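Asks: First, the structure itself, so that you have it in front of you.
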Amino acid sequence: MAEQVPSTDLITLTRHILAEQNRLGAAATGDLTMLLNAIQLTSKFIATNVRKARLINLVGLAGETNVQGEEQKKLDILSNDIMVNALRASRKTAVLVSEELEEAVMIEADKRGKYCVVFDPLDGSSNIDAGVNIGTIFGVYEIQPGSQGTLADVLQPGSTMVAAGYTMYGSSANLVLSTGNGVNGFTLDQGLGEFILTHPDIQIPKRGKIYSFNEGNSMYFHEPVINYLNSIKYPDQSIKNGQGKPKAPYSSRYIGSMVADVHRTLLYGGIFGYPDDKKSKKGKLRLLYEAFPMAYLTEQAGGLATTGTKRILDVMPTDIHERCPVFLGSKEDVEDLMSFYQTPTEKS
Ligand code: P6P
């Protein structure tokens, strides 16, 4: 829970991170504080470049393609380089995994620290030219005892992460962070150059009225997803609510930028989903640096995050770029979704 202070007593992200370190007492070395401050700096730097993008012609294709086979935009490359350089310079990391790099970065011995960071430096980048909110997503692991930094340190379940967050770049820059003690949101005050606490202790509503799926993939959806979506689009009118009124259908909101869709879901409630389907056998979203961090934040905010049949944070990765089905959001909405994956005998 973030500390409560008068408005003349600004809580910056730096102060919040330090308070979190102090909460942990002598056990905290300050290394995570230094690492999170390095990440904070990258978000400020990337936010500046995203804001200027159209002015200094940073949009448009860089002519190269990333490991996903997608054409990279100039901002992608810049954002990735900013993060790798800052994380290496922090001397608090041993292994880095980026959506933009095929191989993991093993930090050289003289700059090596005890944390590993997995990140998508500019998720949703295909939306850059349309001015849609895009974002940086990150998760932090501590290296395994005795490790000097190997792939094994990042091929761990998301439940072992020590921190996760995202920065959404839009009309303002919003950084949302958890270090395992709830979720807090910060807004970049450009005049101060500081992220200021604006959304203390984010709690996702236990049920929402919004679903967020790319229904353009409906012809490929498996039966549990089809049946779930029908249950909220055409609710059984014989079921009345507390006021004796029939259940209303959910509203559809889909931006196509995970950071933006998840941010709305955390604040307003409801369910976000990118299922596996007949075309995408394991879905589209990446386990390490999209699903895990967003699942970590969702659970810390009181929600649920599932593959449909398994808690996302319990998935054991085998490849740094593997994909994973994602359903996350309000506890009761995600429980409803999961019920459609249970076999009839399990449902009884
Ligand atoms: P689709 C953006 O490219 C992204 O990785 C996520 O940010 C987003 O949730 C998803 O892909 C959108 O995919 O197939 O709906 O365009």
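None of the figures in this text is laboratory data; all of them are computed from the coordinates on show. The structure displayed is predicted, hence computed values, not measured ones. Note that each Cβ is placed from the backbone with ideal geometry, even for glycine, and that neighbours are counted across all protein chains shown.
Asks: Taking a threshold of 18 Å on the Cα-Cα distance, which of the pairs Lys52/Lys92; Lys209/Lys245; Lys209/Lys284; Lys233/Lys310 fall above it? Before the final figure, lay out the partial values.
Replies: On the way: Lys52/Lys92 30 Å; Lys209/Lys245 15 Å; Lys209/Lys284 24 Å; Lys233/Lys310 25 Å.
Checking Cα-Cα distances, Lys52/Lys92; Lys209/Lys284; Lys233/Lys310 exceed 18 Å.
Asks: Then there is this: Calculated from DSSP H runs of 4 or more alone, at -39500 (n - 2.57) each and per residue, what is the 222 nm mean residue ellipticity of the chain, nearest 500?
Replies: On the way: 8 runs with 94 residues, N = 348.
Computed ellipticity for the chain at 222 nm equals -8500 deg cm²/dmol.
Asks: When a/c reaches 1.5 or more, the comparison of a/b and b/c decides; with that in mind, is segment 194-292 rounded, prolate or oblate per its Cα gyration tensor?
Replies: Values: a/c = 2.68, a/b = 1.10, b/c = 2.44.
In terms of gyration-tensor shape, oblate.
Asks: A further question on this structure: So, counting K/R as plus one and D/E as minus one, what does the shell of residues with Cβ under 11 Å around Glu142 add up to?
Replies: On the way: positive: Lys92, Lys114; negative: Asp31, Asp153.
Counting the neighbours of Glu142, the net charge comes to 0.
Asks: Taking the chain as a Gaussian network, Cα atoms linked when under 10 Å apart, which of Lys284, Lys44, Lys233 shows the biggest mean-square fluctuation?
Replies: In the Gaussian network model the winner is Lys233.
Asks: Exposed loop sites here are GluC sites (Glu not before Pro) in DSSP loop states with at most 16 other C-beta atoms within 10 Å. What is the longest stretch of the chain lacking them? Before the final figure, lay out each step's value.
Replies: Details: sites that count: Glu3, Glu70, Glu102, Glu103, Glu108, Glu322.
Result, exposed sites excluded: 109-321.
Asks: Further question: Counting just the Cα atoms, what span does segment 13-199 cover along each of its three principal axes? Round to the nearest Å and put the largest first.
Replies: Result, largest extent first: 47, 36, 28 Å.
Asks: With viscosity set to 1.567 mPa s at 4 °C, what whole-number translational diffusion coefficient in µm²/s follows for the chain from Stokes-Einstein and a Kirkwood radius over Cα pairs? Intermediate values should be presented prior to the final figure.
Replies: Details: Rh = 20.8 Å.
Roughly 62 µm²/s, to the nearest whole number.
Asks: Label segment 137-227 by shape, choosing from rounded, prolate and oblate, from the square roots a ≥ b ≥ c of the eigenvalues of the Cα gyration tensor; if a/c is under 1.5 it is rounded, and otherwise prolate applies when a/b is larger than b/c, oblate when it is not.
Replies: In terms of gyration-tensor shape, oblate.
Asks: Right, here's the next one. Ratio of segment 270-348's C-alpha Rg to 2.2 N^0.38 Å, to two decimals? All intermediate terms of the calculation are to be shown ahead of the outcome.
Replies: Working: Rg = 12.3 Å, N = 79, 2.2 N^0.38 = 11.6 Å.
With N residues counted in segment 270-348, Rg over 2.2 N^0.38 Å equals 1.06.
Asks: Something else about it: What are the ³J(HN,Hα) values, in whole Hz, obtained from phi via the Karplus relation 6.51 cos²θ - 1.76 cosθ + 1.60 with θ = phi - 60°, for each residue of segment 143-153 in sequence order, with x given for Gly and Pro?
Replies: Computed from phi, the couplings for segment 143-153 are 5, 5, x, x, 6, 9, x, 9, 4, 4, 6 Hz.
Asks: Ile255: net charge of surrounding residues, Cβ under 10 Å, Lys/Arg +1, Asp/Glu -1, itself excluded? Walk me through the intermediate numbers first.
Replies: On the way: positive: Arg253, Arg264; negative: Asp261.
Around Ile255, the charge tally is +1.
Asks: Looking at segment 96-172, what % of the alpha carbon pairs are farther apart than 14 Å?
Replies: 65 percent
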